[in-house]
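Here's the structure we're looking at; comments come further down.
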Amino acid sequence: RALQPNIGVWFANMSGRVDQLSTWLREGRPHSFWMTAFFNAQGFLTAVQQEVTRAHARDKWALDNMVVHTEITEFDEPSQVRSVPKEGVYAHGLFLDGAAYSKAEASLIESTPKVLFAAIPLMMITAVTKAQKKSMQGDYGPNGPYDCPVYKYPKRTDNFFIFYITLKCTPEQNPAHWILRGVCLLCNTD
């Protein structure tokens with residue numbers, strides 16, 4: 001499948017990128033970032049890690065010892081966000097492929113029949129030390145979390161891989177269930 005969208009999709013994405021960047025320039029840092037707008041999303045995530053590391057200079061945090069940490073929020077739309085998080089950033093515009101997300105259970109659930117892509121609520125992206133990340137594993141239930149890959153496009157290759165986010169699973173459906181389903185998050189569904 002070619003990655004060349006039709007002109008309407010391409011123009012809508014380009015307009016969204018221009019809107020985000022021009023608003024950022026005029027009004028300052030947005031309360032939530034549209035992940036699809038970044039040509040180099042990995043660079044953006046590295047910048048988030050650097051910002052958090054600098055904020056913890058007194059704690060002697062080193063960038064080499066940092067990892068990305070994500071949490072799904074209660075916000076469904078960027079307009080609901082009234083301020084930036086204490087550390088890190090809010091991000092929106094990601095879609096689950098192969099599953100859905102339940103806000104009530106705060107975990108992955110089976111997708112609705114005939115729904116290919118399910119939007120997830122905004123997520124908070126920050127950075128923590130590797131030791132902190134390891135100690136958080138118990139917060140995701142007895143089976144641990146599902147490390148969900150995030151891709152720029154539906155074509156899942158290393159070229160379009162961005163990073164992993166950590167999602168909670170229900171006790172009945174452990175991470176292996178979602179791995180076998182091939183569940184991932186996508187920035188673009190076209």
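The values are calculated or read from the model by the stated rules, or taken from the named source; none is laboratory data. This one's a predicted model, so the numbers in the text were calculated from it and none came from an experiment. Cβ: placed from backbone, ideal geometry, glycine included. Neighbour counts: every protein chain shown. These accessible areas exclude ligands, DNA and RNA; they are computed on the full protein's heavy atoms, side chains included. Shrake-Rupley method; radii C 1.70, N 1.55, O 1.52, S 1.80 Å.
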Just need a number here: residues in segment 22-47 that are over 17 Å from Glu87 (Cα atoms) and over 18 Å from the mean Cα position of the chain (by Cα). 6
When segment 56-113 is checked residue by residue, the ones that are without any contact (Cβ under 8 Å) to a residue 40 or more places away in the chain, under 23 Å from Ala176 (Cβ atoms) and among the hydrophobic types (A, V, I, L, M, F, W, C) are Ala100
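For segment 123-150, name all the residues that are touching a Gly at 6+ places or on another chain (Cβ under 6 Å) and open to solvent by less than 70 Å² (accessible area, probe 1.4 Å).
Met124, Ile125, Thr126
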Which pairs do you get when a residue that is within 17 Å of Ala47 (Cα to Cα), found in segment 14-33, comes within reach of a residue that is exposed (fewer than 12 other Cβ atoms within 10 Å of the Cβ) and not charged (D, E, K, R), reach meaning Cβ atoms under 8 angstrom, with the pair 6+ apart or on two chains? His31/Ser83
Residue check for Phe33: under 23 Å from Pro78 (Cα atoms), open to solvent by less than 30 Å² (accessible area, probe 1.4 Å) and not in a loop (DSSP other than H, G, I, E, B): yes
Under the condition of being assigned to a loop (DSSP other than H, G, I, E, B) and open to solvent by less than 40 Å² (accessible area, probe 1.4 Å), which residue from segment 156-172 is modelled with the highest pLDDT? Cys169
Selection from segment 173-189 of residues that are surrounded by 15 or more Cβ atoms within 10 Å (Cβ to Cβ) and either closer than 30 Å to Ala12 by Cα or in contact with a Gly (Cβ under 9 Å, 6 or more places away or on another chain) (or both): Asn174, Pro175, Trp178, Arg181, Val183, Cys184, Leu185, Leu186, Cys187, Asn188
For segment 120-148, pairs from a residue that is under 29 Å from Thr189 (Cβ atoms) and without any contact (Cβ under 8 Å) to a residue 60 or more places away in the chain to a residue that is of a type in the set (Asp, Glu) and open to solvent by 70 Å² or more (accessible area, probe 1.4 Å), with Cβ under 7 Å and 6 or more apart or across chains, are Pro121/Glu74; Pro121/Asp76; Met123/Glu71; Met124/Glu71
